[in-house]
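Below is one structure, written out as structure tokens, with a few remarks after it.
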Amino acid sequence: MKVYKPTTPSRRGMTGIDFSLLTKKKSEKSLTKYVRRSNGRSKASGRITTRHKGGGVKKLYRIIEFSQTKMDMPAMVIALEYDPNRTGFIALIEYADKTKQYIIAPQGLKVGDSIVFAENAPLTPGNRLRLKNILVGTSVYNIELEPGRGGILVRSAGNAAQVLAQEHGFTNLKMPSSEVRKVKDECFATVGMVSNPENRFYRVGKAGKSRLKGRRPHVRGSAMNPVDHPHGGGEGRQPIGLKHPKTPWGLPALGVKTRRRKKWTNKYIISRRKKK
């Protein structure tokens, strides 16, 4: 983590991510593609349908291998790179047949290391294997929910789930949110923790940086007039005057539960996440 001297008001409190550990090379051209961004506008009408989105610098999408297409074939890490589309770093790996892939890099992975995707493999960071073959207490990430569908759980910077138990064809996992849930033990997961754990301390510092990320200004509802927002109005600075906050359209906001009560996956949740 880089801490800047307060040479300007925006520099005061600003922090940056240390990229000195990454390989100084351009992204692999065969593994990048252009993805059209909506910028908060409808494709049909071109009108703004999502507020506070727009602009931002151009960026290419890196094609990440979330699944395991190359089984039982060791691969070597040839580069560690930055990905503008995610918080964690990515690693470029090369197999013996010269095929290259991008994967989400675990913390501690270095250029020159060897990894493998297999039914059963050593429990070293970067190796990918079935949950039933992972020891209790091991940290994992990029976890599948259904066998063969690719990892969709625990993929952001510094996150990891912990294997708590193996029982009756399921693996009990403790998620970063503290939720404990069952996942089929035939699913694959990668050993380790997602790289760039210092991302949680990152501070943008100034509004211009947010615009580069494609985030347009956000105005507080309490600063608006009553006609524009349920929180608006009042002489001077006033509280919202409501028991619970609302969106501009009068719907509940901030902390309201949105998960369907009768969702079919509820049976796999052993313990709900702790409320803050």
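The values are calculated or read from the model by the stated rules, or taken from the named source; none is laboratory data. This structure is a prediction, so every number in the text was calculated from the model and none was measured. Quick reminder, even Gly has a Cβ in these numbers, built from the backbone with ideal geometry, and neighbours come from all protein chains shown.
Considering only residues in the stretch 132-153 that are farther than 9 Å from residue 188 by Cα and of a type in the set (Gly, Ala, Ser), the one that is surrounded by the most Cβ atoms within 10 Å (Cβ to Cβ) turns out to be 139. Highlighted here are the strands (runs of 3 or more DSSP E) found entirely within the stretch 80-131 that include at least 2 residues which are at negative phi, crowded, with 19+ Cβ neighbours inside 10 Å and in contact (Cβ under 8 Å) with a residue 60 or more places away in the chain: 100-104, 128-130.
For the stretch 171-213, residues that are of a type outside the set (Ser, Thr, Tyr), touching a residue at least 60 places away in the same chain (Cβ under 8 Å) and either in contact with a Gly (Cβ under 9 Å, 6 or more places away or on another chain) or crowded, with 17+ Cβ neighbours inside 10 Å (or both) total 21. Among residues of the stretch 247-276 that are surrounded by fewer than 10 Cβ atoms within 10 Å (Cβ to Cβ), those with a beta-carbon under 7 Å from a residue that is assigned to a loop (DSSP other than H, G, I, E, B) at least six positions away or on a different chain give the pairs 250/230; 254/245; 274/178. If the condition is being out of contact with any helix residue (DSSP H, G or I) (no Cβ under 9 Å at 6 or more places or on another chain) and either of a type in the set (Gly, Ala, Ser) or in a strand (DSSP E or B) (or both), then the stretch 216-232 contributes 221, 222, 223. Taken over the stretch 1-29, the criterion of being closer than 19 Å to residue 111 by Cβ and not hydroxyl-bearing (Ser, Thr, Tyr) is satisfied by 17, 18, 19, 21, 22, 24, 25, 26, 28.
Annotation for the stretch 188-200: no member residue is modelled with pLDDT under 95, of a type outside the set (S, T, N, Q) and more than 30 Å from residue 15 (Cβ to Cβ).
When the stretch 152-174 is filtered for residues that are of a type in the set (Lys, Arg) and not in a strand (DSSP E or B), only 155 remains.
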